[in-house]
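I have placed the structure first, in the form of C-alpha cells, so that the comments after it can refer back to it.
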Amino acid sequence: MKWNTLLINMALLACSIHASADDSINVQQNLPNVYEQHMQRMKNNWASLIPTHFLIQNAGNMGVFSVGLGWSYGKRHQWETDLLFGYIPKHDSSRGKLTSTIKGNYIPWSICMNPHGDWTTKGKWNFEPLTTSLYINTVYGHEFWKTQPGRYPDKYYEFMSTKFRLNIAIGQRLTLVIPKNKRRLHNRVSLFYEVGTCDLYVRSMFQTNIPLKDILGLSIGLKFYTQ
C-alpha cells in the first residue's frame, strides 16, 4: 500500500514538472523577439505619419483660402501641426500666386457643453475658449525675395524678407463630436476663428505708429478629424 502511494505521488510530481516546463516554453514562445519588437516600432512610426485631420481656412495671411492636413498629439490632443497650401488672386498683379504654410497650434482647454445629455445619439459639443498659433508661410513667385535687393537702402529690411512671413494668432473653437453610429469619414468637426498678425505688420506699427487694429486680421475655418 505504501509503495502504491509513493508511486502515485511520484507520477503526480512528474506530471506537474512536465506541465510547468510546457507552460514556461509556451510563455517564452509568446514573448516577442527582437525582430518582432523592431517591426512593431516601425509600424508605430509609420502609423504616426497618417494625418489625423484635414482643414480649410479663409484668410490668415495665407491667401483667400487654404486647404491642408495636420497631425494632433499629446495626452489630450492639445498640440497640432498643420501643413496648408493657399491661393492669392491676382488683383492688381499679373497673376495669382500660391502659398504654403507650416503651422503649430496649442489648445490648453476643452469644455464639454452638454456633459449630461444623450450625446451618444445627438453628439457632444466641446468649446475650446483659447487656441494659440505660431506659423510661417511663404509665397511662390519671383516678385518675393529672401534677402534684401540692392534697390533698397542698406539694412532697410534687415532680418526680414518678402519671401517668408512669421505669424501669430489666437482664437476659439466649437467642436462637434459625432456619435459613433453616425460616423462616416470623420469622428468630429471643428469650426474655428483666429485673430492674428505677422512680423512685417508689427514692424510697420512701431515704425509708422499704425493702430493695433489695422495690423490684425480675422480668419475662419473648418477642421475634419479622422482620429
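The values are calculated or read from the model by the stated rules, or taken from the named source; none is laboratory data. Fair warning: this is a prediction, and the values are worked out from it, not measured in the lab. Heads up, the Cβs are rebuilt from the backbone with ideal geometry, glycines too, and the neighbour counts pull from every protein chain shown. Please note that ligands, DNA and RNA were not included when accessible areas were found on the heavy atoms of the full protein model with its side chains. Shrake-Rupley method; radii C 1.70, N 1.55, O 1.52, S 1.80 Å.
A compact table of results
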quantity: Accessible-area ranking of SER94, SER48, SER219, SER204, largest first, probe 1.4 Å; calculated: SER94, SER48, SER204, SER219
quantity: By accessible area with a 1.4 Å probe, ligands and nucleic acids excluded, highest first: order of LYS43, LYS122; calculated: LYS122, LYS43
quantity: Sequence of HIS186, HIS53, HIS116 from largest to smallest accessible area, 1.4 Å probe; calculated: HIS116, HIS186, HIS53
quantity: Rounded to the nearest 10 Å², the accessible area of TYR140 at probe 1.4 Å; calculated: 110 Å²
quantity: Projected label distance in nm at LEU83 and ILE111, using a 7 Å step from Cα toward the beta-carbon; calculated: 3.6 nm
quantity: Long-range HN-HN contacts of THR52 with modeled amide H, under 5 Å; calculated: GLY70, TRP71, SER72
quantity: Around ILE215: net Lys/Arg minus Asp/Glu count, Cβ-Cβ under 14 Å; calculated: +1
quantity: Amide H within-cut-off set for THR131, under 5 Å, with H built and near neighbours excluded; calculated: GLY171, GLN172
quantity: Computed accessible area, ILE102, all protein chains, 1.4 angstrom probe, square angstrom; calculated: 100 Å²
quantity: 32 Å Cα-Cα threshold exceeded, pairs from LYS43/LYS163; LYS75/LYS182; LYS43/LYS122; calculated: LYS43/LYS163; LYS43/LYS122
quantity: Net charge contributed by nearby residues that have their C-beta within less than 12 Å of PHE224 (K/R +1, D/E -1); calculated: +4
